[in-house]
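All of the numbers you see were taken from the coordinates with simple rules; none came from a lab. Predicted model, so just to flag it, every value in this text is computed and none were measured. Note that each Cβ is placed from the backbone with ideal geometry, even for glycine, and that neighbours are counted across all protein chains shown.
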2 protein chains.
Amino acid sequence: MVDVPQLVEQARQGRPRAVARLISLVEGASPQLREVMAALAPLTGGAYVVGLTGSPGVGKSTTTSALVTAYRKAGRRVGVLAVDPSSPFSGGALLGDRVRMSEHASDPGVYIRSMATRGHLGGLAWAAPQAIRVLDAAGCDVVLVETVGVGQSEVEIASQADTSVVLLAPGMGDGIQAAKAGILEIGDVYVVNKADRDGADATARELNHMLGLGESRSPGDWRPPIVKTVAARAEGIDEVVEALEKHRAWMEERGVLAQRRRSRAAREVETIAVTALRERIGDLRGDQRLDALADRIVTGETDPYRAADELVDGLTNGG
Amino acid sequence: MVDVPQLVEQARQGRPRAVARLISLVEGASPQLREVMAALAPLTGGAYVVGLTGSPGVGKSTTTSALVTAYRKAGRRVGVLAVDPSSPFSGGALLGDRVRMSEHASDPGVYIRSMATRGHLGGLAWAAPQAIRVLDAAGCDVVLVETVGVGQSEVEIASQADTSVVLLAPGMGDGIQAAKAGILEIGDVYVVNKADRDGADATARELNHMLGLGESRSPGDWRPPIVKTVAARAEGIDEVVEALEKHRAWMEERGVLAQRRRSRAAREVETIAVTALRERIGDLRGDQRLDALADRIVTGETDPYRAADELVDGLTNGG
């Protein structure tokens with residue numbers, strides 16, 4: 001068994017291996033998961049969690065890397081959680097990208113962690129918040145969560161962030177794709193990366209139009225800014241950081257940050273509770289109760305609803 | 001309130017409006033859903049459920065339509081459940097497709113029903129089996145379930161079928177896409193549609209290679225056939241029907257059909273039970289218990305796991 005209090009103490013002291021170990025414990029649903037989470041709870045809440053999402057090829061990893069550099073210059077400790085299968089962190093990308101990211105590999109103020117998106121449905125949505133908690137408790141001032149902008153689970157992960165950044169690039173038909181994936185609804189800050197390419201202005205204009213930014217809003221509403229960047233040359237990155245800080249300040253002023261974190265915690269509890277209940281149902285496979293019910297459905301003796309009632313009654317009466 | 005026994009009787013007599021009404025009742029989670037499902041239970045089990053899946057553009061709807069024609073010629077009653085947002089049934093496709101499908105619109109031996117894929121996660125996986133039950137109870141000999149081959153929920157729906165047909169078309173980079181979506185694991189029959197186009201043989205060869213069909217198998221194992229079709233001209237459709245019948249006979253011989261239906265019923269019960277439990281958790285939002293727990297997580301007073309334990313205990317002790 002791992003000495004959890006010791007590991008947490010080492011993580012607090014900034015030892016990367018302790019941080020990595022803790023993430024592995026929470027990610028792998030270790031038997032000590034609950035002990036770890038209980039130990040972390042009083043240490044969390046200090047990190048500002050920024051989600052970065054966008055289609056493959058828009059330059060998420062390059063932008064993430066440039067943001068890490070900018071935050072490090074300002075003396076912040078940074079955690080990176082990459083849940084993008086095409087991310088260099090996850091080992092799925094070109095060597096060139098890897099090299100570009102490796103500049104942070106030896107910086108003790110940066111934790112980089114990749115998470116596989118494979119595995120059972122909901123697995124990622126379940127594991128990512130726990131990993132964010134570890135990075136938070138380890139003293140990261142900022143946690144950047146990089147996700148590929150497709151699919152429901154990625155949108156859910158984006159919803160784990162305090163501030164969501166949606167990245168686009170010119171000439172990728174991103175507008176339509178973005179709308180499809182629903183990511184136009186989740187952006188607090190929009191970045192048009194590769195802004196030195198043809199069509200960057202058109203992409204920004206299209207985005208502006210789709211977001212309805214020209215329309216009047218209530219005073220005090222957040223108006224998602226659109227920032228143009230060339231992340232590979234760090235151009236526009238300071239403006240992204242500025243937009244993030246503005247959004248954070250706006251959220252704090254209006255109590256939005258606390259509210260977002262409350263909803264996030266509520267969702268997290270729900271997910272864990274549903275998973276626990278689902279496991280209890282799964283356990284019923286062992287004693288063949290579920291199989292027996294299934295047989296009775298196939299023969300038409302009962303229907304799935306009555307069977308589910310029996311199952312739930314069995315569960316909730318300790319049966 | 002709807003007179004459910006009467007509606008079920010009318011559906012048994014082949015009245016399309018009664019069938020449509022019943023599907024609406026089960027799809028919309030009507031208060032009478034349980035009554036409907038209970039009434040249908042003894043009438044189900046007669047339909048052979050065939051799932052058709054594939055990327056947009058491979059010709060799923062055309063193939064489905066051609067299969068309907070073939071089964072109708074053989075005197076079978078056919079139900080079609082389209083859960084593809086790009087399907088002409090769902091209203092998302094070109095007018096040309098609509099016209100092509102409308103040949104079945106006036107045939108009393110064919111029920112066509114579309115289901116939206118939008119809505120809450122898991123909504124479709126939950127509603128589709130109920131709709132299949134209605135079509136089954138209404139006396140359909142064959143139910144064709146057309147789904148677009150992307151995403152987890154579609155794969156789950158494919159798993160509702162007795163036999164799963166995976167469609168591909170030449171020159172669409174389908175091989176890689178198919179592998180990605182995991183649909184290469186679910187096919188009992190593979191169809192290379194648009195076989196009059198360049199690259200059809202290459203697609204079939206690549207598929208053959210990826211499926212490892214060249215490798216030796218245990219005698220008696222099912223060897224998924226690859227059928228080439230031009231569905232728009234009904235070419236190869238009889239061969240698809242033949243492959244389906246062979247697969248069905250193989251499953252019946254070996255008890256695989258009964259086993260698949262049992263697993264399906266077990267999954268269905270699980271889904272309904274988990275949904276019911278999730279709703280109970282949702283109800284807790286009303287009395288602010290979940291919000292109170294979330295507050296305590298944000299302040300670091302407790303962690304999500306202890307909070308989830310409290311929630312589950314509250315549920316399972318009737319709290």
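If you consider only alpha-carbon coordinates, what radius of gyration and Dmax does segment A:1-43 have, in Å?
Both quantities, over Cα of segment A:1-43: 9.2, 24 Å.
Is the C-alpha gyration tensor of segment B:270-316 telling us rounded, prolate or oblate? Criteria: a/c under 1.5 is rounded; beyond that, a/b larger than b/c is prolate, otherwise oblate.
prolate
Listing A:V312, B:V240, B:V134 from the residue with the fewest other Cβ atoms within 10 Å to the one with the most, what is the order?
Final ranking by Cβ density, sparse to dense: A:V312, B:V240, B:V134.
Using 1/(1 + (r/R0)^6) with R0 = 41 angstrom and r between the beta carbons of B:D283 and A:D107, what's the FRET efficiency to the nearest 0.05?
Efficiency computed from Cβ-Cβ geometry: 0.30.
What are the distances, in nm and sorted shortest first, from the label point of B:P108 to the label points of the same position in each other copy, with each label point placed 7 Å from Cα along the Cα-to-Cβ direction?
Ordered by increasing distance: 8.4 nm.
Work out the FRET efficiency for B:S218 and B:Q13 from their Cβ-Cβ distance, taking R0 = 35 Å, and round it to the nearest 0.05.
E between B:S218 and B:Q13, to the nearest 0.05, is 0.15.
Sort A:K60, A:K194, A:K246 so the one with the fewest other Cβ atoms within 10 Å of its own Cβ comes first.
Ranking A:K60, A:K194, A:K246 by Cβ neighbours within 10 Å, fewest first, gives A:K246, A:K194, A:K60.
Per-residue mean of other chain beta-carbon atoms within 10 angstrom of the beta-carbon, peptide B:289-295? Could you put the intermediate results ahead of the total?
Details: counts 0, 7, 4, 1, 7, 10, 5.
Mean partner-chain Cβ count within 10 Å for B:289-295: 5.
In nm, one decimal, shortest first: how far is the label point of A:D291 (7 Å from Cα along Cα to beta carbon) from the matching points in the other copies?
In ascending order, 4.7 nm.
Return the average number of partner chain Cβ atoms within 10 angstrom of each residue Cβ along peptide A:33-43.
Values: counts 2, 6, 2, 2, 7, 4, 1, 2, 11, 5, 1.
Mean shielding by partner chains, rounded to a whole number: 4.
Quick one: label points 7 angstrom along Cα→Cβ at B:E9, distances to the other copies in nm, smallest first?
Reported distances to equivalent positions: 7.8 nm.
Per-residue mean of other chain beta-carbon atoms within 10 angstrom of the beta-carbon, peptide B:256-268? It would help to have the intermediate numbers written out before the result.
On the way: counts 0, 1, 3, 1, 1, 5, 9, 3, 4, 13, 14, 3, 8.
Rounded to a whole number, the mean comes out at 5.
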